């Protein structure tokens, strides 16, 4: 139980206000996120096309290492096929042989088979597909969750608006304040650790007051961004410790059978946690899954990681649908690049940014639809080339963000959601 | 705030320092009438220390000076930071200061005031030994009246075990040191690197060994560098070039670099030096006799599970570098430039840096047919004539100490003129060569500069403003510094004692000889023995198991008051193993203090993070570390509790956490809080959670 939950609501409020005013000079209950860029949903233009603003939440599934498109979303016949033969779906398109469960859900998904990017390096590719800009030494770009918080404000009173599961936040806030950074949950089974103080509420207040007094000299002397950012994190952390919605991070309440259905692995449980967080009103949830850098023995790799993806994603789509959340939740699946058609000397495939695939579902996206195409081998784009910027603009559009609006960074450089990419309108129902 | 506090110091600085036209130079005369224009640096043991304009410091017996000058020396106040350890060192440090100050002057900026002893001792411990000083170490330094104490503590720390740990942590991040990759343990690689650091092997030799290593990972830890990326030689080369040469070539792996001069072809020509080097599946490729024999030996094992384990064991033993004798590097299938066709064979060729045509990087060692390709590459790369090799490590070591490189990012030195101070950068590279790549000597020079011994910069730099080094930059402790400092609070300086040496045990347990004359039967016996010992390493995944039995024994021993041998067993409190980060799993598990505080996951080079996060702050406020630090058996609590008055207790805690005494108002606040229901435990919590604790001034 979190610290002030031991108190009745009135005392809890009193605690928070008293602590906040005494120690840090902010009003906790008004929410910390969004205060630097106080924009409300109402200031955004009303819907300007199909699908605009259909998604209230986004679950962003990032396959780390370069997901082989040929063995998953864009299967091929002939010599480039890979370890398993494609399987047919009732939606009319085929999926890679490992995607057995997803094949049954093909009517819920759209696939972009004409993604193309220029970088074959993991870190920069991951950065690009997440933030829409090339990685630079001079500025950090926000992910879509931070953009959404900028335009729409916080999605929750006390909890952060963005969460990232199975990964570090890695500057997700970009040039926005550090309070826009996603809250990392590195292990979904343990949830949000250390949410409870080992001191009594009274003791904790005294500690916090003294902390503020004692550290004041240092904070005044060193007014650097790093020091200020730490102080912000302390603010936000105390507000989270006081939140009544902390159980959002605990999977212990979920039925065992459902946990089983998502797959007993970090990605499966991460997807389950994402659904739980959507229910609690967290807007943007990233779930990462590694293991895709299959240079060697791709058959073994797919057996493990392909299957984990297939099981978890299918369970997630099913679960969201059953709860009536799929219409308001956009689920996307992406990777920094695909893998080449050629099986190399180590029975694996190598990096291939030239063409690869992404998947979208829910949030106003058509079901059973394929956009664009790769050529016969899966080597190059054959139709409707789509960039990571287009892909992210599509997500922004679905969330109802003004993707053309230019926002100036603190260093006074202009940026937009998805770097002037074009939302793929054909994807929307 | 700082101006107010340190006004006297700041004023003093205006008339001191080493600017060539400084008025504090005076002419000294000795008993024989010889003259020396120099600034007075102090007197110790009957010797006077005089620094001339080029930075060199003369040490002269006081009684050799004229009577008038002897008198003057007794009344003058020493300039600068005290007496340096030797005259050449002082000169080397002074040259760096002059270049830094020239850069500042150009921008019409002034250097920061000199740091106080308290600021200095905490910083130099963290920068050289990787942890905060204990209360005793702080007091010993502060109370030392010697004018050479700064130089002395630098030398002491450079030769302390903490130095080895701290430098290992830096390289572990840079080289993506991970216990486990490619389903194999890299313990021998870690042990090898630790050994190189402990022996202070020159950097060019260390890198040369990594580039040219041969044989099994189990038998030669230096192979770990190339084997870290087994089967991915292009990725490995891309990292090699950016990590050691600051050549920003990752783009050229797939296409011509859009901004720099690198072409994709050049990249492949470099890669061709590794074209005859097999790093994947060596020793177990289907063709060799050994492989056939191994298959036979495995097949003869009784059950499936054993066979699987044996395969893993052979995988570990098969992790090796072998020369194939033939360069098989080819251009990629999608090569699109007109100078060659996809799939063309690529001949090895070294690169030249275009801005430095007078000094070709491959001078005198161009492709010889009788030498192994990798040897040629390694010689070229680590040569003192290579204009980037020395510069890259010099810039990296500068960043290690000052918090920010002279050129950022450190992986891109394609254009040294884009550095904030190109003259300084070139000089540092030349110093690295002059010191023969001795990193310890290089760091010794850096720490003896005035630039290093100034206050940290306290203001926010405007965006895109170059940092010209008015002093070190304020930075948050690295994850390893923070962890090692926590452990220091709990167990004191003894934290440096424990060394893991996992490579030795691992190799001994798992190594299998496939020498000539081995029979399938002999192999089978070896496999069975190795499998038995492999179990202690937890099969294929976990780190060596923290043997529960051993732990219990240790706890019993502690309970019985037995002397714990800290070199063999690190102390454990509340499940936390209080050893230096360098001796813990690489990287630590996700939820460990180290990872939550930003330790790299060792997937991406140089990716240690110094950012805060909510889970991190939750951990600082409510996690195990704050509990262990505040418990009664923690050294910091024991020491403070032994003090007689609350005032002395607070002072003791301040010295332990911040390496300084509390100011009057701080003392008042803390003592009042102690009287108002807060305990010593609460006070440790408060100090631990301050910004002052996690930032390095």
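The values are calculated or read from the model by the stated rules, or taken from the named source; none is laboratory data. Quick caveat, the model's predicted, so the values are computed rather than measured. Ideal geometry is used to build each Cβ from the backbone, glycine not excepted, and the neighbour counts take in all protein chains shown.
Residues that are in contact with a strand residue (DSSP E or B) (Cβ under 9 Å, 6 or more places away or on another chain), touching a residue at least 12 places away in the same chain (Cβ under 8 Å) and away from chain A (no Cβ under 14 Å) are absent from the stretch B:227-240. Checked against (1) in contact with a strand residue (DSSP E or B) (Cβ under 9 Å, 6 or more places away or on another chain); (2) more than 30 Å from residue B:602 (Cα to Cα); (3) assigned to a loop (DSSP other than H, G, I, E, B), residue A:244 passes all but a single condition, namely (1).
Among the residues of the stretch A:248-256, at least one is within 14 Å of another protein chain (Cβ to nearest Cβ) and on the phi < 0 side of the Ramachandran plot.
Have a look at A:220, A:226 and point out the one that is in contact with a strand residue (DSSP E or B) (Cβ under 7 Å, 6 or more places away or on another chain), facing chain B (nearest Cβ under 8 Å), free of Cβ contacts under 8 Å to residues at least 60 places away in the same chain and in a helix (DSSP H, G or I). Lay out the reasoning, then the answer.
Working: A:220 fails: in contact with a strand residue (DSSP E or B) (Cβ under 7 Å, 6 or more places away or on another chain).
Testing whether each residue is in contact with a strand residue (DSSP E or B) (Cβ under 7 Å, 6 or more places away or on another chain), facing chain B (nearest Cβ under 8 Å), free of Cβ contacts under 8 Å to residues at least 60 places away in the same chain and in a helix (DSSP H, G or I) leaves just A:226.
Exactly one of these conditions fails for residue A:201: (1) modelled with pLDDT of 90 or more; (2) surrounded by fewer than 21 Cβ atoms within 10 Å (Cβ to Cβ). Give me its number. With respect to (1) modelled with pLDDT of 90 or more; (2) surrounded by fewer than 21 Cβ atoms within 10 Å (Cβ to Cβ), residue A:201 is out only on (1). Exactly one residue among B:676, B:689 is at the interface with another protein chain (Cβ under 10 Å from one of its Cβ atoms) and at pLDDT below 95, and that residue is B:676. May I ask you to say which residue of B:647, B:638, B:666 is in a helix (DSSP H, G or I) and within 11 Å of another protein chain (Cβ to nearest Cβ)? After ruling out the rest, the residue left standing is B:666.
Suppose we keep only residues that are more than 11 Å from every other protein chain (Cβ to nearest Cβ) and more than 19 Å from residue B:101 (Cβ to Cβ) within the stretch B:406-417. Which one would you say is surrounded by the most Cβ atoms within 10 Å (Cβ to Cβ)? Talk me through it step by step, then tell me what you get.
First, pick out the residues of the stretch B:406-417 that are more than 11 Å from every other protein chain (Cβ to nearest Cβ): B:406, B:413-417.
Subset that is more than 19 Å from residue B:101 (Cβ to Cβ): B:413-417.
Working: B:413: 25, B:414: 22, B:415: 17, B:416: 21, B:417: 9.
Looking at residues that are more than 11 Å from every other protein chain (Cβ to nearest Cβ) and more than 19 Å from residue B:101 (Cβ to Cβ), I get B:413.
Of all residues in the stretch A:151-176, how many are on the phi < 0 side of the Ramachandran plot, within 12 Å of chain B (Cβ to nearest Cβ) and either part of a strand (DSSP E or B) or out of contact with any strand residue (DSSP E or B) (no Cβ under 7 Å at 6 or more places or on another chain) (or both)? Count: 8. Among the conditions (1) buried (at least 22 other Cβ atoms within 10 Å of the Cβ); (2) more than 28 Å from residue B:631 (Cα to Cα); (3) under 27 Å from the mean Cα position of the chain (by Cα), the only one that residue A:238 does not satisfy is (2).
Looking at residue A:401, is it in a loop (DSSP other than H, G, I, E, B) and under 21 Å from residue A:429 (Cα atoms)? If you could, list the steps in order and put the result at the bottom.
Numbers: in a loop (DSSP other than H, G, I, E, B): yes; under 21 Å from residue A:429 (Cα atoms): yes.
So residue A:401 passes the test.
Selection within the stretch A:253-265: residues that are touching a residue at least 40 places away in the same chain (Cβ under 8 Å) and in a helix (DSSP H, G or I). The member of this set that is farthest from residue A:308 (Cα to Cα) is A:258. Evaluated against (1) within 13 Å of the chain's Cα centre (by Cα); (2) within 12 Å of chain B (Cβ to nearest Cβ), residue A:192 falls short on exactly one condition, (1).
Tell me, please, whether a residue that is surrounded by 21 or more Cβ atoms within 10 Å (Cβ to Cβ) and touching a strand residue (DSSP E or B) at 6+ places or on another chain (Cβ under 7 Å) can be found in the stretch A:249-257. Looking through the stretch A:249-257, at least one residue is surrounded by 21 or more Cβ atoms within 10 Å (Cβ to Cβ) and touching a strand residue (DSSP E or B) at 6+ places or on another chain (Cβ under 7 Å).
With B:278, B:269 as the choices, which residue is out of contact with any helix residue (DSSP H, G or I) (no Cβ under 9 Å at 6 or more places or on another chain), modelled with pLDDT of 75 or more and either within 14 Å of another protein chain (Cβ to nearest Cβ) or surrounded by fewer than 17 Cβ atoms within 10 Å (Cβ to Cβ) (or both)? Before you say what the answer is, go through the steps one by one.
Numbers: B:269 fails: either within 14 Å of another protein chain (Cβ to nearest Cβ) or surrounded by fewer than 17 Cβ atoms within 10 Å (Cβ to Cβ) (or both).
Residue meeting the stated conditions: B:278.
Within the stretch A:177-189, how many residues turn out to be buried (at least 22 other Cβ atoms within 10 Å of the Cβ), touching a residue at least 60 places away in the same chain (Cβ under 8 Å) and within 10 Å of chain B (Cβ to nearest Cβ)? So the answer is 3. Identify, please: which residue in the stretch B:618-630 is at the interface with chain A (Cβ under 7 Å from one of its Cβ atoms) and surrounded by fewer than 24 Cβ atoms within 10 Å (Cβ to Cβ) and is, among those, farthest from residue A:246 (Cα to Cα)? My answer is B:627.
Residue B:135 - would you say it is out of contact with any helix residue (DSSP H, G or I) (no Cβ under 7 Å at 6 or more places or on another chain) and more than 26 Å from residue B:587 (Cβ to Cβ)?
Values: out of contact with any helix residue (DSSP H, G or I) (no Cβ under 7 Å at 6 or more places or on another chain): no; more than 26 Å from residue B:587 (Cβ to Cβ): yes.
Answer is no for this residue.
Screening B:678, B:653 for residues that are farther than 30 Å from residue A:175 by Cα, more than 27 Å from the chain's Cα centre (by Cα), crowded, with 18+ Cβ neighbours inside 10 Å and without any contact (Cβ under 8 Å) to a residue 24 or more places away in the chain leaves exactly one candidate, B:678.
The number of residues in the stretch A:139-150 being in a loop (DSSP other than H, G, I, E, B) and at pLDDT 95 or above comes to 2. The single condition among (1) out of contact with any strand residue (DSSP E or B) (no Cβ under 7 Å at 6 or more places or on another chain); (2) in contact (Cβ under 8 Å) with a residue 40 or more places away in the chain; (3) surrounded by fewer than 18 Cβ atoms within 10 Å (Cβ to Cβ); (4) closer than 30 Å to residue B:652 by Cα that residue B:135 does not meet is (3).
The residues listed here are B:230, B:252; of these, the one that is at pLDDT below 90, crowded, with 22+ Cβ neighbours inside 10 Å and outside any loop (DSSP other than H, G, I, E, B) is B:252.
Scanning the stretch B:596-608 for residues that are surrounded by fewer than 24 Cβ atoms within 10 Å (Cβ to Cβ) and either part of a helix (DSSP H, G or I) or at the interface with chain A (Cβ under 7 Å from one of its Cβ atoms) (or both) gives a single hit, B:604. Might you let me know whether the stretch A:122-129 holds any residue that is at the interface with another protein chain (Cβ under 10 Å from one of its Cβ atoms) and assigned to a loop (DSSP other than H, G, I, E, B)? Looking for residues that are at the interface with another protein chain (Cβ under 10 Å from one of its Cβ atoms) and assigned to a loop (DSSP other than H, G, I, E, B), one finds none in the stretch A:122-129, hence no.
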